[in-house]
Amino acid sequence: STILVLHGPNLNMLGSREPEVYGYETLADIDDRLRSVAAEHGHHLLHLQSNAEYELIERVHEARAEGVDFIIINPAAFTHTSVALRDAMLAAGIPFIEVHLSNVHAREPFRHHSYFSDIAEGVICGLGSQGYDLALKAALTRIHR
Ligand code: DQA
C-alpha cells in the first residue's frame, strides 16, 4: 500500500523554528524515519512539504488518481484557515489522520479550531514528532484491515 505524508507551511523550518514548541528534529529526520518504518512493513511512503496551499491541494488530487491508501497530514497553519484544503480531502475521499507537533488546544484560541478534525479518522496533537510515528502505526493497522 501507499501512504502519503503531507506537511503544511513553515514545517520546512523544523529543527530551528521555535524549537521549544516544535522540537529539534528536522523534517528530513521525521520523513526518513517514517519511510523506513513503512518499508519494514512492506509499504511505500511518499511525502511532501509545501508552503503553498495550491501545491498541497494538487498533491491530494494526484493522490486520489494514484490510488494512495492513507494520508497523514499536518496542515500546519492551514489547519485553522483552509476550507480549500479541507474540500480537497473530502474530494479525494482518502482516509487520513491529522497530526500536530504542539498541543494546539493549549495555545492561542485561533489554533483551537481545525477544518480537518471532524473529517479525520483521528487526530494526534501535543506529542511532538512522536505523533507522526503513532499516526503511521495507526495507519498501518487500518491498511491491513
Ligand atoms: C502545527 C500547529 C499549528 O497551529 C501551527 O500553525 C503550525 C504547526 C503543529 O504541528 O503543532 O504551523 O500544526
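The values are calculated or read from the model by the stated rules, or taken from the named source; none is laboratory data. Worth saying up front: this structure is predicted, and the values here are computed from it rather than measured. Positions of Cβ are backbone-derived with ideal geometry, glycine not excepted, and every protein chain shown enters the neighbour counts.
Which of the residues belonging to the stretch 15-31 are of a type in the set (A, V, I, L, M), within 13 Å of the ligand (Cβ to nearest atom) and either assigned to a strand (DSSP E or B) or closer than 21 Å to Lys137 by Cβ (or both)? Residues satisfying the conditions are Leu27, Ile30. Regarding the stretch 33-52, can at least one residue be identified that is in contact with a Ser or Thr (Cβ under 7 Å, 6 or more places away or on another chain), surrounded by 21 or more Cβ atoms within 10 Å (Cβ to Cβ) and more than 22 Å from His144 (Cβ to Cβ)? No, that holds for no residue.
The criterion of being modelled with pLDDT of 95 or more, within 14 Å of the ligand (Cβ to nearest atom), polar (S, T, N, Q) and part of a helix (DSSP H, G or I) holds for Asn12.
The listed residues are Arg86, Arg64, and the only one of them that is of a type in the set (Lys, Arg) and surrounded by fewer than 16 Cβ atoms within 10 Å (Cβ to Cβ) turns out to be Arg64. The single condition among (1) hydrophobic (A, V, I, L, M, F, W, C); (2) within 14 Å of the chain's Cα centre (by Cα); (3) closer than 17 Å to Leu85 by Cα that Leu46 does not satisfy is (3).
Output the number of residues of the stretch 32-63 satisfying the condition of being among the aliphatic types (A, V, I, L, M), part of a helix (DSSP H, G or I) and out of contact with any Pro (no Cβ under 9 Å at 6 or more places or on another chain). The qualifying residues number 7. Considering each of Glu53, Glu58 in turn, give the residue that is more than 16 Å from Leu127 (Cβ to Cβ), modelled with pLDDT of 95 or more and away from the ligand (no atom under 14 Å from the Cβ). The unique qualifying residue is Glu58.
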